[in-house]
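Peer 1: The following block contains the structure, expressed as structure tokens.
No lab work stands behind these numbers, since they all come straight from the coordinates. Because the structure is predicted, anything quoted here is derived from the model rather than measured. Backbone-built Cβ (ideal geometry, glycine too); neighbour counts: all protein chains shown.
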Amino acid sequence: MFERTDPRTLKTWLIIAAVVYLLLPYDLFPDFLGLPGRIDDLLLMAWLAWYYRSHVRRFVANGFGREAGAAAGKDGADPRSTAKSRSTETFDAYSVLGISPSASSDAITAAYRARMSEYHPDKVAHLGEELQKLAHAKSQEIQLAYRQLRK
């Protein structure tokens with residue numbers, strides 16, 4: 001559900017949700033029971049911590065953090081995205097466009113246009129040079145994925 005959500009943003013919202021649940025009087029076990037009344041609060045916080053950790057693992061595994069990592073690097077290059085390592089990685093055109101493998105031709109075109117509207121170099125011309133380079137690389141990756149799926 002939150003696959004592309006930045007982990008810091010998700011962490012903030014999960015903390016807010018935990019605090020609100022902790023303070024609300026509506027619980028599975030009423031808070032006036034003392035320690036037993038806080039059990040459901042602790043269980044919810046443990047579940048939120050587990051969810052956050054699993055989200056961070058999926059976020060990194062899917063490569064969504066690469067653009068942010070490259071922008072934060074000193075030289076602006078992500079060592080995992082070099083040409084040599086890209087050739088050894090499998091290129092999944094469906095995940096680049098954010099669609100399922102059973103998507104129709106119209107859905108592929110719509111996803112391509114939506115992704116290109118986000119990363120087109122003309123859209124980020126006002127941003128810094130480093131972000132323009134990232135957008136250019138991402139737009140070429142989107143175009144490659146679209147060409148593969150259109151064949």
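Peer 1: Please give the contour-minus-distance gain from Ser105 to Ala46: 0.36 nm per residue of separation, less the Cα-Cα distance, rounded to one decimal in nm.
Peer 2: Roughly 17.0 nm would be gained on extension.
Peer 1: Taking R0 as 25 Å, what's the FRET efficiency between Gln148 and Trp13 from their Cβ-Cβ distance, rounded to 0.05?
Peer 2: 0.10
Peer 1: List, in order, the whole-Hz ³J(HN,Hα) value for each residue of the range 102-113 obtained from phi through the Karplus relation with A = 6.51, B = -1.76, C = 1.60 and θ = phi - 60°; use x for Gly and Pro.
Peer 2: With coefficients 6.51, -1.76 and 1.60, one gets 8, 5, 7, 4, 5, 5, 5, 5, 5, 5, 4, 5 Hz.
Peer 1: Using the Cα centre of the range 7-61 as the reference point, and only Cβ charges (+1 on K/R, -1 on D/E), how large is the resulting charge dipole? Debye, rounded to the nearest 20.
Peer 2: 500 debye
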